[in-house]
Amino acid sequence: MNVMDLLRDMDEQGVRISVVDDDLVLRYEGPRLSPELRELVRFHKPAILAQLRALQGSGAAPRLTRQSRPAVLPLSFAQERLWFLDRLGLSGPAYSVPVAFSLSGTLDVPALEHSFAELVRRHESLRTRFESQAGSAVQVIDPAGGFHLAELDLSDLTKGDREAALQARMREQVREPFDLERGPLFKVALVKTGEREHALLLSLHHIICDGWSMGVLVRELGALYAAYLRRLPSPLPEPELQYADYALWQRQWLQKEVLARQLDYWRQRLAGIPAALVLPADHPRPAMTSFKGAKLALTLSKPLTERLRQRAQAEQATLYMVLLAAFQLLLSKLTGQSDIVVGSPVAGRTHRQMEGLIGFFVNTLVMRTQVRSQSSLKELLEQVKEVTMGAYAHQDLPFEKLVAELQPERDLSRHPLFQVSLTLQNLPAARTELPGLEVSSLANEQHVAKSDLLVHAFEGPEHVRLVFEYATDLFEAATIDRWMGYFERVLTLVASDTPCKVSEVSLLSAQELHSQLVDWNATATPYRSERRIHELIAEQARRTPMAVAVVDSETELTFAQLEHRANQLGKHLQDLGAGPEVIVGLFLPRSAQMVVALLAILKAGSVCLPLDDQLPPDRLAYLLQNSAAQAIITEAALRVLLPAELESRMVYVDEVLGHASAGKYPAAAPNAKVGPENLAYMIYTSGSTGEPKGVLVSHRGVCNLVEAHCRAFDIQPEDRFLQFTRLSFDVSLQEILVSLSSGATLHILDTAPSVAIGTELVRFLVERRITTVMLPSSVLPLLPLGGLPALRRLFVGGEMFDPALAREWAQSCRFINEYGTTETTVCSTYDEYVRGADSVTIGRPIANVRVYVLDGDLQPVPIGTAGELCIAGEGLARGYLHQPGLTAQRFVADPNGGPGQRMYRSGDRVRYRPDGKIEFVGRSDHQIKLYGHRIEPGEIEAALLEIPAMEQAVVVLHGEGEHKSLVAYLVGRHEPAPTAEQLRAELAERLPDYMIPAVFVSLRSMPLGASGKVDRSRLPPPTIVADMVYRPPRTPREEAMATIWADVLELERVGIDDNFFRIGGHSLLAARVVARMQESLHVDIPLWAFMKEATIRACARYAESNSPMSSAALEQELPEQGVLEQRFEEGVL
């Protein structure tokens, strides 16, 4: 029994019901209410409250009566959406409603045909078509009397052929398209399969029916067939109303004040709604949804079903509310999002007169819940109750009106406002009874999904059955099966009434936890953990003293020579006070001398601070001041680049190791009392506060990194390493130290990487016969595939990588994708591409490193779900120099390790694949990785805000792969605004070149979210911002199009680059514009093509390419007039 039935029964028994505060007050005369009625009222209390509030508080609807028929019949709001989807080419089988029955017994075919003919006569919906007039749809109701029962006789076929032919006909029924303009939209076929056996196949378009309608149809069919079988007239009374009356009534009622009241509620409820619920998909989302789907089912046990009902009753909630709370909790855990939006279809038949009609009455409510990690399950259920009751109280607003009002970003691959739905069917399915026949349903499976995921719950007397309908473009069956198990686990927890916070709910089984925490982290490997990195190099020098260690364009050093010079310089540094934990700057050009100096600092026991000789003076001065470097190894020619006040700390390596001075210092290794936990180097990385932060790395972590690489990748003394990376980036240390520790030869590319990319780099690799390189992924497209015959290993540092490029490189060398952070000693995980793999991941942890994928509460997340990558084991940095607070924030206790063990919270979002490999997803904060550099946008933003003309600045990464670039969004204080060249020049004084944005986009104001903070997801792409500049039509065709657009949108003018949906357009107006252009200009642009790129320029381009109309007059360009100069505050610089 639904709420309307219950209210009707109470009304018939003389029970008057009203709302006082949050309670129901019942008034009646006569005997006491029956216990059954009391129980029903108690159980349905939330829904009754919502229904009564809807009638009282949001403008009670006038009585639904027969309406006077105008010449043109409009569609209902819900029908308009389906009509639009059909015009867009997105309806197809997804909006077909196929039903099939098996009929056993003696069938009176004329009586059956007569019954259907009468159904078509009684219900105008069954003979309605939808024509387009001037881009808008109207209902056209055809006269009754044209119904024909299609018949097919398969009874002469063999049993096997008969069954195959029937299945083929049923599949055809599902796939057969409807023509909304021509009809019919109600089709019936009778298939004879035997002397007394038939199959009855019905097919309707969703625009004329819904699930309730099917119950009306089969009940009336049974009554009519029973009468006509006995040659009696129809026993059914004439319908009071038709669906067209409802459509007219709805449009008359939902206007002005009533519409405003409903919209006000939903505007507030859905303010700042997330753009999408991003479920962890197995496949990339297609550009346009195909509606291809499949289903999996789960039946809850009788005890669990009963406990769920008891929990609902104890909380004065409905079963649907309990299911919705559990479902939204599941979705939050799967997505990592807390703002969870779910669609909830409702029957929409809020008036008694609607109940006997066939038509499309269903409305969809948007259920938005904040799943907060510190809320208890009881608090979550209370919130869901409030959300549900509020939605029911405002259910009269058609979903289509809500979409038009909120104007979500147009995306042909996603359902608007929500991508996931939950329904509960608690009414028994309508039985089809035809006298003299045994009627049973035939499975006629539709392989469709109208959105990403729909969960249908069917409540029976003893069980709840859950059917998961999912988009096969996105998900594999194994993933949905795993989610069904998670849902059952959450439902069990909710039903148990165990005091529990959301943060404490785990979806994982014990086996899944063991796999993630233990099996996939079984990396323990012996290594020389008590040694120092320079000792490993010294040992290699003793083994191969005459082998070449380092080569630059002018110098070649053997291992013995390298050791000799590094020992001399190291002893000199000790004489100057260098030792354990003392920071020594290294400021030299790319050369063999640079490697000598690096090794000397380590031998002295000191901490190496690599400094890039291309750094701006201000940044260089800050690093030296912040680090309090006690000495700076440089050369005389670079003296002018360093702060003059540090002259006394400068050590000129060319003087110390020059011919005249070389004999002053002994060649024996300095005696440095430094242990494996002492610092080896410090690297500055970008800082979110506007200043760089120094990361402190120990010898132990470096030794593990080196030995793990030498072992995993079989690096041998005959190998030749490229030293490509800037010294201030920690990968340069990996290149140098791995090469030297393994006995390989390090070849230094003297030219700066930003200059050498391209032919010079290729020439260097070929001439030097380089076998091993470590490159940013953005460099690879510039290298010749197959043109590097000596190359054996290609290491790339790219979290996301094109598998096609990896596939091509793997044909000629080992292709290894590495992931790491400065805070975890360069590299933490790797994935070596194997031929045939469909993707490149960041793989698994290197030796002696453990990784976890955790949620915000540091709990493991399910396979496929994005979480934060946390790294433990060897390689963790000590922390940040002079920043204990930040160190404590990022380096936290390892909940899965032993006492005192730590892990680093990387801020990177990743997800586990079923095979245990890790895929990179993105950043959980705003940090960026570009060309191998980790960049804090806050540092760039702070530098921009030091420019007096700037009021606000937001920096983001735009583009994919090698097309990634930094984009700065700016709001200026006043005019005239600085030019892009001026901004770049200002920033070059403060920032390294890789941190200077490629594009500067000016806005009048920043888009803000509900919290008042900048909503980065709503920052327009640079190309869109450029469209803010008015560009007039250039040809007569564009001018005619602009006139049509301006007329439909009621604007004074429209530029050729104005996006239709950003200047006030919506889907129905789009259909009107397309129709007007077709009618007036004979330009036939499919609606889907218009939606994809909705500008006049794009429409004209499409017309030129596809329209037969292409006269020279139409293509003659008009003179450019009125083009506004592209100014700072309104375009891309």
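The values are calculated or read from the model by the stated rules, or taken from the named source; none is laboratory data. Just so it is clear, the model here is predicted, and its values are computed rather than measured. Note that we place each Cβ from the backbone using ideal geometry, even for glycine, and neighbour counts take in every protein chain shown.
Looking at Asp142, is it within 16 Å of Gly359 (Cα to Cα) and not aromatic (Phe, Trp, Tyr)? Break it down into steps so the answer makes sense when it comes.
Values: within 16 Å of Gly359 (Cα to Cα): yes; not aromatic (Phe, Trp, Tyr): yes.
Criteria met by Asp142.
Take the conditions surrounded by fewer than 15 Cβ atoms within 10 Å (Cβ to Cβ) and under 28 Å from the mean Cα position of the chain (by Cα) and apply them to Leu508. Does it pass? Outline the logic, then answer.
Values: surrounded by fewer than 15 Cβ atoms within 10 Å (Cβ to Cβ): no; under 28 Å from the mean Cα position of the chain (by Cα): yes.
Answer is no for this residue.
Is there a residue in region 275-283 that is in contact with a Lys or Arg (Cβ under 9 Å, 6 or more places away or on another chain), more than 23 Å from Phe360 (Cα to Cα), part of a loop (DSSP other than H, G, I, E, B) and not assigned by TED's automatic domain parsing to the domain that holds Glu400?
We begin by selecting, within region 275-283, every residue in contact with a Lys or Arg (Cβ under 9 Å, 6 or more places away or on another chain); these are 275-276, 280.
The next check asks that each one be more than 23 Å from Phe360 (Cα to Cα); those that pass are 275-276, 280.
From the residues that got through so far, the ones that are part of a loop (DSSP other than H, G, I, E, B) too are 275-276, 280.
Remaining after also requiring not assigned by TED's automatic domain parsing to the domain that holds Glu400: none.
No - not one qualifying residue is present in region 275-283.
When you go through (1) part of a loop (DSSP other than H, G, I, E, B); (2) in contact with a Lys or Arg (Cβ under 8 Å, 6 or more places away or on another chain) one by one for Ile358, which number turns out not to apply?
So Ile358 meets the others, but not (2).
With the requirement that a residue be among the charged types (D, E, K, R), closer than 21 Å to Glu818 by Cβ, touching a residue at least 12 places away in the same chain (Cβ under 8 Å) and in a loop (DSSP other than H, G, I, E, B), what does region 666-723 give you?
Going through region 666-723, the residues among the charged types (D, E, K, R) turn out to be 673, 677, 691, 693, 700, 707, 711, 714, 718-720.
Narrowing further to those that are closer than 21 Å to Glu818 by Cβ: 700, 707, 711, 714, 719-720.
Okay, now just the ones that are also touching a residue at least 12 places away in the same chain (Cβ under 8 Å), so 700, 707, 711, 719-720.
Hit for region 666-723 is Asp719, nothing else.
Any residue at all in region 369-388 that's hydroxyl-bearing (Ser, Thr, Tyr), touching an Asp or Glu at 6+ places or on another chain (Cβ under 7 Å) and surrounded by fewer than 20 Cβ atoms within 10 Å (Cβ to Cβ)?
Filtering region 369-388 for residues hydroxyl-bearing (Ser, Thr, Tyr) gives 369, 373, 375-376, 388.
Still in the running and touching an Asp or Glu at 6+ places or on another chain (Cβ under 7 Å): 373.
Then drop every residue that is not surrounded by fewer than 20 Cβ atoms within 10 Å (Cβ to Cβ), which leaves 373.
The answer is yes; a qualifying residue exists.
Restricting to region 942-1001, name every residue that is closer than 22 Å to Asp612 by Cα, of a type outside the set (A, V, I, L, M) and assigned to a helix (DSSP H, G or I).
Matches in region 942-1001: Arg984, Glu986, Asp993, Tyr994.
Can you name the number of the only condition in (1) buried (at least 21 other Cβ atoms within 10 Å of the Cβ); (2) outside any helix (DSSP H, G or I); (3) at pLDDT below 95 that Ser213 fails?
(2)
Mind listing just one residue for me: the one in region 841-895 that is at pLDDT 95 or above and of a type in the set (Ser, Thr, Tyr) and, of those, nearest to Gly797 (Cα to Cα)?
Tyr852
Could you list, in sequence order, all residues of region 128-180 that are in contact with a strand residue (DSSP E or B) (Cβ under 6 Å, 6 or more places away or on another chain), within 30 Å of Val72 (Cα to Cα) and charged (D, E, K, R)?
Residues satisfying the conditions are Arg129, Glu131.
In region 584-637, how many are of a type outside the set (S, T, N, Q) and in a helix (DSSP H, G or I)? So that I can check it myself, show each step before the final result.
Just the residues of region 584-637 that are of a type outside the set (S, T, N, Q), to begin with: 584-590, 592, 594-605, 607-613, 615-624, 628-629, 631-633, 635-637.
With the extra rule that they be in a helix (DSSP H, G or I), the set shrinks to 592, 594-603, 617-624, 636-637.
Going through region 584-637 one residue at a time, the tally reaches 21.
Under 8 Å between Cβ atoms, which residue pairs at least 6 apart in sequence (or on different chains) link something in region 759-771 that is crowded, with 17+ Cβ neighbours inside 10 Å with a partner that is assigned to a helix (DSSP H, G or I)?
Matching pairs, first to second residue: Leu761/Val779; Leu761/Leu782; Phe764/Ala756; Ile770/Phe764.
Output the qualifying pairs, or none if there are none: Cβ atoms under 7 angstrom, residues six or more apart or on different chains, first residue in region 898-911 and in a loop (DSSP other than H, G, I, E, B), second residue not aliphatic (A, V, I, L, M).
Gln901/Asp894
Out of all the residues in region 133-182, which are among the charged types (D, E, K, R), without any contact (Cβ under 8 Å) to a residue 24 or more places away in the chain, exposed (fewer than 13 other Cβ atoms within 10 Å of the Cβ) and closer than 30 Å to Phe84 by Cα?
Scanning region 133-182 gives Glu172, Asp179.
What pairs can you find where one residue is in region 1042-1068 and at pLDDT below 80, the other is among the small types (Gly, Ala, Ser) and part of a helix (DSSP H, G or I), and their Cβ atoms are less than 7 Å apart, with a gap of 6+ or different chains?
Going by the 7 Å Cβ cut-off, the qualifying pairs are His1066/Ala404.
Does region 528-548 contain at least one residue that is within 14 Å of Ile736 (Cα to Cα), outside the structural domain of Leu308 (by TED's automatic domain parsing), not acidic (Asp, Glu) and not in a helix (DSSP H, G or I)?
Yes; the residues of region 528-548 include at least one that is within 14 Å of Ile736 (Cα to Cα), outside the structural domain of Leu308 (by TED's automatic domain parsing), not acidic (Asp, Glu) and not in a helix (DSSP H, G or I).
Would you confirm, using the coordinates I've provided, whether Ala226 is in contact (Cβ under 8 Å) with a residue 12 or more places away in the chain and either in a strand (DSSP E or B) or in the same structural domain as Pro345 (by TED's automatic domain parsing) (or both)?
Details: in contact (Cβ under 8 Å) with a residue 12 or more places away in the chain: yes; either in a strand (DSSP E or B) or in the same structural domain as Pro345 (by TED's automatic domain parsing) (or both): no.
Spelling it out, it is not the case that Ala226 is in contact (Cβ under 8 Å) with a residue 12 or more places away in the chain and either in a strand (DSSP E or B) or in the same structural domain as Pro345 (by TED's automatic domain parsing) (or both).
Just name the residue that is nearest to Glu405 (Cα to Cα) out of those in region 1029-1069 that are aromatic (Phe, Trp, Tyr) and assigned to a helix (DSSP H, G or I). Explain how you work it out, then say what you get.
Of region 1029-1069, the ones aromatic (Phe, Trp, Tyr) are 1030, 1045, 1060-1061.
Imposing the further condition that a residue be assigned to a helix (DSSP H, G or I) reduces the set to 1045, 1060-1061.
Details: Trp1045: 20, Phe1060: 16, Phe1061: 12 Å.
Taking the candidates together, the pick is Phe1061.
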